[in-house]
1. Are there any pairs, at least 6 apart or on different chains, whose C-beta atoms fall under 8 Å, with the first in region 164-175 and surrounded by fewer than 21 Cβ atoms within 10 Å (Cβ to Cβ) and the second among the acidic types (D, E), and if so, which?
2. How do the pairs read when you match residues in region 267-285 that are farther than 26 Å from F244 by Cβ with residues anywhere that are more than 7 Å from ligand 2 (Cβ to nearest atom) and not in a loop (DSSP other than H, G, I, E, B), using Cβ under 8 Å and keeping only pairs 6 or more apart or on different chains?
3. Report yes if G271 is under 30 Å from Y81 (Cα atoms) and modelled with pLDDT under 90, otherwise no.
4. Any residue at all in region 113-132 that's surrounded by 14 or more Cβ atoms within 10 Å (Cβ to Cβ), modelled with pLDDT of 95 or more and of a type in the set (S, T, N, Q)?
5. Can you tell me how many residues within region 41-91 are more than 23 Å from M123 (Cβ to Cβ) and in a helix (DSSP H, G or I)?
Amino acid sequence: MIDFKLRNSVICDDAINIQKYIGNEEINCLITSPPYYQLRSYDDSDTNELGHEKTVGEYIDKLVNIFLAIKPCMRKDCGIYVNIGDSYNGHRVGYSDPKWKVAKSDSFVKPTQSGIPIKSLCMVPERFALKMIENGFILRSIIIWHKINPVPSSADDRYSNSFEYMYFFTLKKDYYFNQQFTPLKKSSIIRAKYNTFSEKTNEGNFAGIDLEMQHRNSDKINSGEIIGANMKNVWQIATQPCNFMYCENCDTVYIGKERSKIIKKIEEIDGIKVKKNYCLKCNRNDGFVQHFAQFPIKLILTPIKASCPDAVCNKCGTIRKTIYEKQGISSYESIKEINTEQFNSEQGKKQSLRADRECFMRQVVKKNIECNCENKEILPGIVIDPFFGSGTTGRACKFLGRDFVGFEKNPKYAKMAHRVCQESYNQVQKELDL
Ligand SMILES: C[S@@+](CC[C@H](N)C(=O)[O-])C[C@H]1O[C@@H](n2cnc3c(N)ncnc32)[C@H](O)[C@@H]1O
Ligand SMILES: [Zn+2]
Ligand SMILES: [Zn+2]
């Protein structure tokens, strides 16, 4: 942490070599998505590519070894988030993957696993999580990324996949965690205010919570002590197409609307008409780099907010504490439009309960660094992404005022990610539509 030189840089190397670059306990948080098992190739020239092992077991061992290599570089109070997907045994591979075409020119079928029936899911995420636990990582949450717009599947003998896992591990029982809240439902606030969970209406039992507990909760809501519900572990987030194009010849990024500036020409190659993109700056068509496996920025905003502090003392590593004071207006009072008359009628009460609009309690927040270091500089916490890809983690960190460091093995992607992470805060904001 002290004088960490690699803030906001992308290191083009295999993440297994991390200790060459980063010292002990320098990183606050890890957020990543490794190459999935037997899904795609990120570098055709790499004969030892992660994800292309013959067996799931070999893949898991190699992947977990990377996390073990990173472990000493992580602070003991860090949080680790890993988004990882599954694959089917013996599943046919798309013709677009040249590596598998070479490997299996006969049938374009990937190597199959002994011990797993053909067509069965390999349970890659579960095996990975178990191996991490065996190696001492503490699995605190399984987050389900529910894709609200999943890629349509051609399968007609099973259900379409519409979720992926994101595992949340820690190294210790106690760790840094800035609890995240979702707004209380209007119905919860009204129920608290008007005691609508009385013996009569709910027979003293609502959602498995006894009446005494309900009264205690409602007191806390009314006094402002409870400001929201603890965030749940199913997150509905759309997959996101890449919104930028990068020309490696002249190191130019075309982002958002700027993509329309790229000159598109139809050319004939061997009698076939092909659409070619020409870079406005260098006027060449051979430098565009694309990454096909990005995660959405929205998926990683919550992990960054929860697990990477926004301010840390650069001398001793003390994390700034956020103190919430309870003198804000209560959730109930913040719903101005509700008036008590409505509740004189049974119908009015029901309508308001149905409305279920979200609202937050306003509150006073004090932020403080409790250390006595002299001449300290207050700097953001650092998130590492060992499989940096196109740099989504870096862009999200910049947006939220945190620092990052990324490892990316493929030089084209490392160069692209480095460049795109320099893009502005406003651009990410537009992209997120916040
Ligand atoms: C699933 S992608 C990550 C995408 C990224 N989350 C994004 O949003 O752009 C995995 C990346 O890891 C890189 N990679 C694969 N093996 C690696 C290794 N051993 N060390 C560092 N990077 C590696 C690949 O080149 C690929 O870009
Ligand atoms: Zn160019
Ligand atoms: Zn200090």
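1. What qualifies is L171/D77; K172/D77; D174/D77; Y175/D77.
2. E268/V274; K273/I266; K273/E267
3. No, not satisfied.
4. No, there is no match, as no residue in region 113-132 is surrounded by 14 or more Cβ atoms within 10 Å (Cβ to Cβ), modelled with pLDDT of 95 or more and of a type in the set (S, T, N, Q).
5. Count: 5.
The values are calculated or read from the model by the stated rules, or taken from the named source; none is laboratory data. Bear in mind the structure is a predicted one, so any value in this text is a computation, not a measurement. Every residue, glycine as well, gets a Cβ built from its backbone with ideal geometry; the counts of neighbours run over all protein chains shown.
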